[in-house]
Every structure is written in C-alpha cells, then in structure tokens.
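Q: Handing you this structure, nothing more for now.
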Amino acid sequence: MTELNAQQLLKDLANDLHDYLSDQNISDPVFIGIQTGGVWVAKALQSLLNNKQKLGVLDITFYRDDFSRTGIQPTVKPSKLPLGVDDKHIILVDDVLHTGRTVRAALNEIFDYGRPASVSLVVLVQRNGNELPIQADVAACKLNLEPTQHIKLSGPEPLELKVLEVTAHPNSE
C-alpha cells in the first residue's frame, strides 16, 4: 500500500485549475462533484479557489452502463444541481479517472438538466486503463498502475489517498 499526499495534490490541483480557468477565460464556474469522492474534492477546490457558487452533487448510479453487469447493488443518493446548467461553465470533479464510464454517466445526467456552455473535467488522479476516449482537462497527478492496484480516497476529513493491492480487478472508477 502506498499513500499519496492528498493535501498537496489538492493544492497543486487548485493552482492548475486556477491557471486553466484563466487561460480559458472562465470566471465564476459552477462546480459539480460526483458522489462521493468527487464531492469531497470539489468542496476542497471551491474553498481553495474562494468560489462562492452553490456546489452541485451528482449521483450517477442509474446512468452507469455496467451496474447490472457487475452485480453492484446501487444505493442511490439524490443529485442536487444548481438552478439550471444552461449556458453555465461547469467544472465536473471526480477523485479518480480510470475507465471513463463514471464521467460518461455524469455527462449524460448533466445534459438531462440542460445545455451548459462548457464542461471541464477535473480529477485528483488520472490513471491508466481508459476504456472510453475521456481525459481530464486538469489532473493533479497521472499514475500508471498494475491491474491488481486500485486507488482509494477516504475522507472527508482528512482526505487520504492510497494505492491498494486488490485480488480482483475493481469494477468501478
């Protein structure tokens, strides 16, 4: 098991996101975190960037294309998005980008609420193993892991990020 410095990664991510938003000429974006780790990361980023917008929360359980195949027994939490996403610049936040399936499901749900001006993907960790052509616009770090390794974010206070050895290939991001 390897532990990564989650607090330093969050600071690096906030700095890189600040630069990205400046380069893209985006001010006052709406943050949307994917349950559960993405919400923790989004809250931390909002605080570090002094963003006062209401945080959106997505539960993408029923938008996933693999929950019935993998035997996941979904526990659904409600999604809470700010009033309308139309013409807003969305910062979609997740803890780990792996296969891309969680992000695809999140995009489907966001577009069910309206048509944003843009959606930028921000993740704490982007790891190898993409199954879909999805990549982060901003990532604190990129890791190449073995199929027997999995990244686990625990929190919310304090946030801890660990690389774990698993006996079976994890089915979710």
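Q: In the structure displayed, which of Lys52/Lys162; Lys11/Lys80; Lys54/Lys162; Lys142/Lys162; Lys11/Lys162; Lys43/Lys142 lie more than 23 Å apart, Cα to Cα?
A: Details: Lys52/Lys162 30 Å; Lys11/Lys80 26 Å; Lys54/Lys162 29 Å; Lys142/Lys162 14 Å; Lys11/Lys162 17 Å; Lys43/Lys142 21 Å.
From the list (Lys52/Lys162; Lys11/Lys80; Lys54/Lys162; Lys142/Lys162; Lys11/Lys162; Lys43/Lys142), the Cα-Cα distance tops 23 Å for Lys52/Lys162; Lys11/Lys80; Lys54/Lys162.
Q: So for the chain, Kirkwood radius off the Cα pairs, Stokes-Einstein at 10 °C and 1.306 mPa s: how many µm² s⁻¹?
A: Values: Rh = 16.3 Å.
Reported coefficient: 97 µm²/s.
Q: Listed highest first by mean packing, meaning other Cβ atoms within 10 Å per residue, what order do 32-39, 52-59 come in? Don't jump to the answer; show the numbers that get you there.
A: On the way: 32-39: 24.4, 52-59: 18.0.
Final packing ranking: 32-39, 52-59.
Q: Return the aspartates and glutamates within reach of Lys152: Cα separation strictly under 14 angstrom, same-chain partners fewer than 8 residues apart disregarded; answer none if there are no such residues.
A: The qualifying aspartates and glutamates are Glu3, Asp94, Asp95, Glu160, Glu165, Glu173.
Q: Tell me the mean residue ellipticity at 222 nm calculated for the chain from its helices only (DSSP H runs of n ≥ 4, each -39500 (n - 2.57), averaged over every residue, nearest 500).
A: Numbers: 4 runs with 48 residues, N = 173.
Value at 222 nm, helices only, nearest 500: -8500 deg cm²/dmol.
Every number in this text was worked out from the coordinates using simple rules, so none of it is lab data. Since the model is a prediction, treat every value here as computed from it, not as a measurement. Cβ sites come from the backbone with ideal geometry, for glycine too, and all protein chains shown count toward neighbours.
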